[in-house]
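The values are calculated or read from the model by the stated rules, or taken from the named source; none is laboratory data. These figures come from a predicted structure and were not determined experimentally. Virtual Cβ from ideal backbone geometry, glycine too; neighbours counted across all protein chains shown.
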Amino acid sequence: MSLGSLLRPLKHVLFGRGLRTRRILGGAARGLRMEIDPAAKTQRLLGLDEREIQSAFVRDARWAEVLVDVGSSDGYYGLIFRKYNSTGSVHLIDANPDFAPVQQAGFRVNFPTLPAPHSLVKFAAPADRQDERSCLLSRDLPLAGRRVLFKIDVDGWELDVIKSAEELFARTECRFIVETHSLELERACAAYLFARGFQVKIIPNAWWRRFIPEQRPISHNRWFTAARK
């Protein structure tokens, strides 16, 4: 029997059952309300979800004028950005159309008087791979001349997304927080950004992930940050 199966009855006692609006209890998202089923997202509820990058994300959210979250899913990081930056613009990009209404609902619940995010149902792709399903970050978003934080989590397409923003590098202050899904991609992304004047810092997975792992089906999975040297 798995650890998750053993803990499930305790989760039900502590947090209740089913998907409903719940307040996040810890971490950078503490106090935000989201639709959460504790059986599936206990770490989200407790504030342990991708805890390793939270301090870096909050630091860069305070610095940025714009967040571009590629692979934004339910808008979790957009909400955290808005918590620490009430004036910045938020662009949430995900190819799954089911997430856009969830993102908008989350902002209405938490920030009803502030501007809604721009939810875009597209892939972010470089110029040589554009089609009707894709966007070019350097062309299709109003980013030039602004301080932009790119948060990227796209399950293997990380380098393509970075290339989609490349034309901005000469005239825009950019920072990156990127999840990589293979060691080869991590090295390729780091080399690409380093060659264009960025300093890359790998964020190691926390030691306690041996006991409270992220539910990932792959052997290599971690984050890096990148900012101008």
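For the criterion of being assigned by TED's automatic domain parsing to the domain that holds T180, under 19 Å from E173 (Cβ atoms) and in a helix (DSSP H, G or I), A100 fails. Can you confirm whether D60 is of a type in the set (D, E, K, R) and either surrounded by 21 or more Cβ atoms within 10 Å (Cβ to Cβ) or assigned to a strand (DSSP E or B) (or both)? Yes: the conditions hold for D60. Apart from one condition, D69 fits all of (1) out of contact with any Gly (no Cβ under 6 Å at 6 or more places or on another chain); (2) within 16 Å of L120 (Cα to Cα); (3) not hydrophobic (A, V, I, L, M, F, W, C); the exception is (1). Contact map, the stretch 70-90: first residue assigned to a helix (DSSP H, G or I), second residue surrounded by fewer than 21 Cβ atoms within 10 Å (Cβ to Cβ) and not hydrophobic (A, V, I, L, M, F, W, C), Cβ cut-off under 6 Å, separation 6 or more or different chains; pairs are L79/N110; Y84/R62.
If you go through the stretch 8-38 and keep only what is modelled with pLDDT under 95 and out of contact with any helix residue (DSSP H, G or I) (no Cβ under 8 Å at 6 or more places or on another chain), you end up with R8, P9, L10, H12, V13, L14, G16, R17, G18, L19, R20, D37.
Being assigned to a helix (DSSP H, G or I) and either touching an Asp or Glu at 6+ places or on another chain (Cβ under 8 Å) or polar (S, T, N, Q) (or both) is the filter here; which residues of the stretch 16-52 pass it? It would help to see each step written out before you state the result.
Residues of the stretch 16-52 that are assigned to a helix (DSSP H, G or I), as a first pass: 42-46, 51-52.
T42, Q43, listed by residue number.
Please work out if V90 is within 14 Å of F176 (Cα to Cα) and either outside the structural domain of R22 (by TED's automatic domain parsing) or not small (G, A, S) (or both). No: the conditions fail for V90.
Exactly one residue among R23, R33, R51 is under 28 Å from V161 (Cα atoms) and among the charged types (D, E, K, R), and that residue is R51.
Take the residues in the stretch 187-229 that are closer than 13 Å to R51 by Cβ and touching a residue at least 24 places away in the same chain (Cβ under 8 Å), then tell me which one is surrounded by the fewest Cβ atoms within 10 Å (Cβ to Cβ). Applying the filter and picking the extreme gives P204. When S55 is tested against the conditions (1) assigned to a helix (DSSP H, G or I); (2) among the small types (G, A, S); (3) modelled with pLDDT under 95, the lone failure is (3). Give the residue that is farthest from C174 (Cα to Cα), with candidates limited to residues of the stretch 130-161 that are basic (K, R) and surrounded by 13 or more Cβ atoms within 10 Å (Cβ to Cβ). Among residues in the stretch 130-161 that are basic (K, R) and surrounded by 13 or more Cβ atoms within 10 Å (Cβ to Cβ), the one farthest from C174 (Cα to Cα) is R139.
Yes or no, residue by residue, for (1) farther than 26 Å from Q43 by Cα; (2) under 20 Å from the mean Cα position of the chain (by Cα):
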site: S182; (1), (2): no, yes
site: C189; (1), (2): yes, yes
site: F194; (1), (2): yes, no
site: N205; (1), (2): no, yes
site: W208; (1), (2): no, no
site: E214; (1), (2): no, yes
site: N221; (1), (2): no, yes
site: A227; (1), (2): yes, yes
